[in-house]
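Asks: If you scroll down you'll find the structure; I have some questions about it.
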Amino acid sequence: MPNDGGIVVKITCLPDGRTVDIEPSETILNADLRANIPHAHACGGKAKCSTCRVAIVDGLDNCPPRNELEDAMALRLGFAPEVRLACQTRPRGGVTFRRLVLDEILLLLARALLVACIGLAMLRPAFHRAGAGNGDLAQLGA
Ligand code: FES
């Protein structure tokens, strides 16, 4: 399928080993779902759950920088640069990526991690008001 420049852009999804065409400005998540790849997307593509996360294993240069929503999630969860939200990433060229939330157990763990990170972020001001130092927060992983 040609993109805006008339070039056929394909993305490859691991571990499925499926390669699909991606339309101009289409997200990785949309292309996968269109191809019936069982890509987790608990929030429906709104950058709120992180279950669509992928690790780009080839073609990171073909992915535009994170948008504001994805950047906030990446900061909150400490994503490495190659970990992207499939619902927010619109490749401009070919990429190969690995889905990271593959089953219900991983889905539950991803949700628990997000809730824990939000909870720690909410506790941080209370710790500071109570006079706790950063060392106290570090012990909690905050
Ligand atoms: S589908 Fe929820 S963050 Fe992408």
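Asks: For every other residue with a beta carbon closer than 10 angstrom to the beta carbon of Ala74, add +1 if it is Lys or Arg and -1 if Asp or Glu, then tell me the sum.
Replies: +2
Asks: Moving on to the next point. Can you give the calculated 222 nm mean residue ellipticity of the chain, where each DSSP H run of n ≥ 4 adds -39,500 (n - 2.57) and the sum is split over every residue, rounded to the nearest 500 deg cm²/dmol? Write down the numbers at each step before the final one.
Replies: Working: 4 runs with 50 residues, N = 142.
Roughly -11000 deg cm²/dmol at 222 nm, from the helical runs in the chain.
Asks: Now for a different question. Using a cut-off of under 20 Å, list every residue of segment 59-97 whose amide N is near the label point 7 Å from the Cα of Leu14 along the Cα-to-beta-carbon line.
Replies: 59-64, 79-87, 89-97
Asks: Express in nm, to one decimal, how much length is gained between Glu23 and Ala130 on full extension, taking 0.36 nm for each residue of separation and deducting their alpha carbon distance.
Replies: Values: separation 107, 0.36 × 107 = 38.52 nm, distance 5.22 nm.
Result: 33.3 nm gained on full extension.
Asks: On to the next question. What fraction of the Cα pairs in the chain, stated in percent, has a spacing above 19 angstrom?
Replies: Details: 5363 of 10011 pairs.
Summing the P(r) of the chain above 19 Å gives 54 percent of all pairs.
Asks: Once you have the Cα-Cα distance between Ala80 and Asn62, take 0.36 nm times their residue separation minus that, and quote the gain in nm to one decimal.
Replies: Values: separation 18, 0.36 × 18 = 6.48 nm, distance 1.66 nm.
Taking Ala80 through Asn62 to full extension adds about 4.8 nm, to one decimal.
Asks: Next question, about the same structure. Check Arg18: other-chain or 5+ apart residues with amide H under 5 Å from its amide H, H built from backbone geometry?
Replies: Long-range HN contacts for Arg18: Cys13.
Asks: Given 4 °C and 1.567 mPa s, compute D for segment 70-116 with the Stokes-Einstein relation, Rh being the Kirkwood radius over Cα pairs; round to the nearest whole µm²/s.
Replies: Values: Rh = 12.1 Å.
Estimated via Stokes-Einstein, D reaches 107 µm²/s.
Bear in mind that the values in this text are calculations on the coordinates, not laboratory data. As the structure is a computational prediction, the values presented were derived from the model and not from experiment. No Cβ is skipped: glycine too gets one built from the backbone with ideal geometry, and neighbour counts run over all protein chains shown.
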